[in-house]
1. Which one of these does residue 96 not meet: (1) on the phi > 0 side of the Ramachandran plot; (2) assigned to a helix (DSSP H, G or I); (3) among the small types (Gly, Ala, Ser)?
2. Return yes when residue 97 is of a type outside the set (Ser, Thr, Tyr), at pLDDT below 95 and more than 28 Å from residue 225 (Cα to Cα) and no when it is not.
3. Considering each residue of the stretch 162-190, count those that are more than 17 Å from residue 86 (Cα to Cα) and in contact (Cβ under 8 Å) with a residue 12 or more places away in the chain, and give that number.
4. Hey, does the stretch 47-56 have a residue that's surrounded by 13 or more Cβ atoms within 10 Å (Cβ to Cβ), under 30 Å from residue 154 (Cβ atoms) and more than 16 Å from the chain's Cα centre (by Cα)?
5. Which of (1) closer than 19 Å to residue 16 by Cβ; (2) buried (at least 19 other Cβ atoms within 10 Å of the Cβ) does residue 157 not meet, given it meets every other one?
6. Looking at the structure I just gave you, is residue 121 touching a residue at least 12 places away in the same chain (Cβ under 8 Å) and either under 20 Å from residue 57 (Cβ atoms) or among the aromatic types (Phe, Trp, Tyr) (or both)?
7. Test of understanding: among 130, 167, which residue is in a strand (DSSP E or B) and of a type in the set (Gly, Ala, Ser)?
Amino acid sequence: MRVAIVTGASSGMGKEFSREIAHFYKHLDEVWIVARRAERLKVLADRIEKRTGTLVRVFDGDLAKDSVYEKMKEELLRRRPDLRILVNCAGFGKTGRVQEIDAGEQLGIIDVNCRALTRMTLLCLPYLSGGSRIINAASAAAFAPQPGFAVYAASKAYVKSFSYALGEEMKERGIYVTAVCPGPVDTEFFLRSGELPGEGRQLCRSDVKPVVRKALLDSAAKRQISVYGAPMKAARIFAKLLPDAAVAAVMKQVNHI
């Protein structure tokens, strides 16, 4: 049984990956979608099944807690699927100075963006095989330190680094890992995080559909990183050319911190 798993599927990029993946991978038998909001997942599952004919299984639960992993583990052991693609999209951020943001919320960012992504990957690795893919949602914020977005950017730097290293380890098994590093994407993300200041960020905001489609194409092409749009590609080059301290100073001014 050929399966795809998508976390963070109730909104944003995770939702779009869930919609697109059954079209992109024509021979999937099932798509398993994971997120906290059960009702949203059920609506999404119904729409995908009607549109594609692919069976969708819902796993609702908080990825910062144990229960959803226990359900996933049980189902994986019972069905022993051929996992063709894992998409880790669950995540959130919070803008503002570190000293001003609730400590529990900042630790929650690390729990979901880093720990949950790693835990889901470790759970799924035994079911991946030659030709399988892992897509990890990082961010262009991973390219450099971000005063005003410090914990989120650091968490996404972890995702990017982990993805590169895991990809090298998995090559001998024929499994390929892609870190997706978009700039601002027009999703619900900023309803929770708050907006970073600066008109340029609004101008650079991308629609979710082309970002996800490029990520799937880059994954199919075995690329280690997927960066959508010229501004973010330029930001990546800029971050490579300057020391982290200099980039952090620039970003402090950009973010009006």
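The values are calculated or read from the model by the stated rules, or taken from the named source; none is laboratory data. Since the structure is predicted, the reported quantities are computational estimates derived from the model, not experimental observations. Don't worry about glycine lacking a Cβ; one is built from the backbone with ideal geometry, like all the others, and counts go over all protein chains shown.
1. Exception for residue 96: condition (2).
2. Considered against the rule, which asks whether it is of a type outside the set (Ser, Thr, Tyr), at pLDDT below 95 and more than 28 Å from residue 225 (Cα to Cα), residue 97 comes out as yes.
3. 8
4. no
5. (1)
6. Working: touching a residue at least 12 places away in the same chain (Cβ under 8 Å): yes; either under 20 Å from residue 57 (Cβ atoms) or among the aromatic types (Phe, Trp, Tyr) (or both): yes.
It is true that residue 121 is touching a residue at least 12 places away in the same chain (Cβ under 8 Å) and either under 20 Å from residue 57 (Cβ atoms) or among the aromatic types (Phe, Trp, Tyr) (or both).
7. After ruling out the rest, the residue left standing is 130.
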